[in-house]
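The values are calculated or read from the model by the stated rules, or taken from the named source; none is laboratory data. Quick caveat, the model's predicted, so the values are computed rather than measured. Because the Cβ atoms are built from the backbone with ideal geometry, glycine has one as well, and the counts that use them run over all protein chains shown.
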């Protein structure tokens, strides 16, 4: 049975924040006081763009995102989508940015985990139960990196 917090995040907060991001560029949202970006990935099975509001932190020029599966829930597809196609787009404070995702190393996770828990304390509870977490480092990409590579909107491969 999913907890009330998990239910509210999954069925109320995330859907409203997703629409809010589209309408206001992330300036208006329910997760006030916590840094949230809109992560746009390419569905590995559908090939369709999927946008998900995700908590993030800054680590120098990079952004860091995390997904920890709540107990009793199915795995969220966006980590697998990032593994399949790491060239993605994020919207932060109304500004779109092309980034390349990679899984954080164990050393990076050890350093970043306490900061991620401060953003969303439920990460620690969920991880304690499921032992499943996905931490990604998103590195900015220049437009020239995509030039001549058959990349369309969001920097995804089009050929």
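Tell me the residue from 95, 103 that is more than 19 Å from residue 34 (Cα to Cα) and surrounded by fewer than 17 Cβ atoms within 10 Å (Cβ to Cβ), please. Quick ask: steps written out before the conclusion?
On the way: 95 fails: more than 19 Å from residue 34 (Cα to Cα).
Unique residue meeting the criteria: 103.
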Restricted to segment 78-96 and to residues being assigned to a loop (DSSP other than H, G, I, E, B) and out of contact with any strand residue (DSSP E or B) (no Cβ under 7 Å at 6 or more places or on another chain), the residue farthest from residue 131 (Cα to Cα) is 94
Of the residues in segment 59-71, those that are crowded, with 18+ Cβ neighbours inside 10 Å and assigned to a loop (DSSP other than H, G, I, E, B) come to 69, 70
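Report yes if residue 99 is in contact with a helix residue (DSSP H, G or I) (Cβ under 8 Å, 6 or more places away or on another chain), in a strand (DSSP E or B) and at pLDDT 95 or above, otherwise no.
Numbers: in contact with a helix residue (DSSP H, G or I) (Cβ under 8 Å, 6 or more places away or on another chain): no; in a strand (DSSP E or B): yes; at pLDDT 95 or above: yes.
No, not satisfied.
Filter segment 121-147 for residues that are part of a loop (DSSP other than H, G, I, E, B) and over 26 Å from residue 88 (Cα atoms); which is modelled with the lowest pLDDT? Before you say what the answer is, go through the steps one by one.
Taking segment 121-147 first, the residues part of a loop (DSSP other than H, G, I, E, B) are 121, 131-132, 141-142, 147.
Now drop any that are not over 26 Å from residue 88 (Cα atoms), which leaves 121, 131.
On the way: 121: 91, 131: 94.
So, considering only residues that are part of a loop (DSSP other than H, G, I, E, B) and over 26 Å from residue 88 (Cα atoms), the one modelled with the lowest pLDDT is 121.
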Expected output for segment 133-148 (first residue under 30 Å from residue 69 (Cβ atoms), partner at pLDDT below 65, Cβ below 8 Å, 6+ apart or cross-chain) is 141/155
Just wondering, is there one or more residues in segment 72-85 that are touching a helix residue (DSSP H, G or I) at 6+ places or on another chain (Cβ under 6 Å) and surrounded by 15 or more Cβ atoms within 10 Å (Cβ to Cβ)? no
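State whether the residues of segment 32-39 include one that is surrounded by 12 or more Cβ atoms within 10 Å (Cβ to Cβ) and at pLDDT below 85.
Our first condition is that a residue be surrounded by 12 or more Cβ atoms within 10 Å (Cβ to Cβ); within segment 32-39, this holds for 34-39.
When the remaining residues are screened for being at pLDDT below 85, the result is 34.
Within segment 32-39 (the criterion being surrounded by 12 or more Cβ atoms within 10 Å (Cβ to Cβ) and at pLDDT below 85), the answer is yes, since at least one residue qualifies.
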Among 68, 28, the single one that is in contact with a helix residue (DSSP H, G or I) (Cβ under 6 Å, 6 or more places away or on another chain) and at pLDDT below 70 is 28
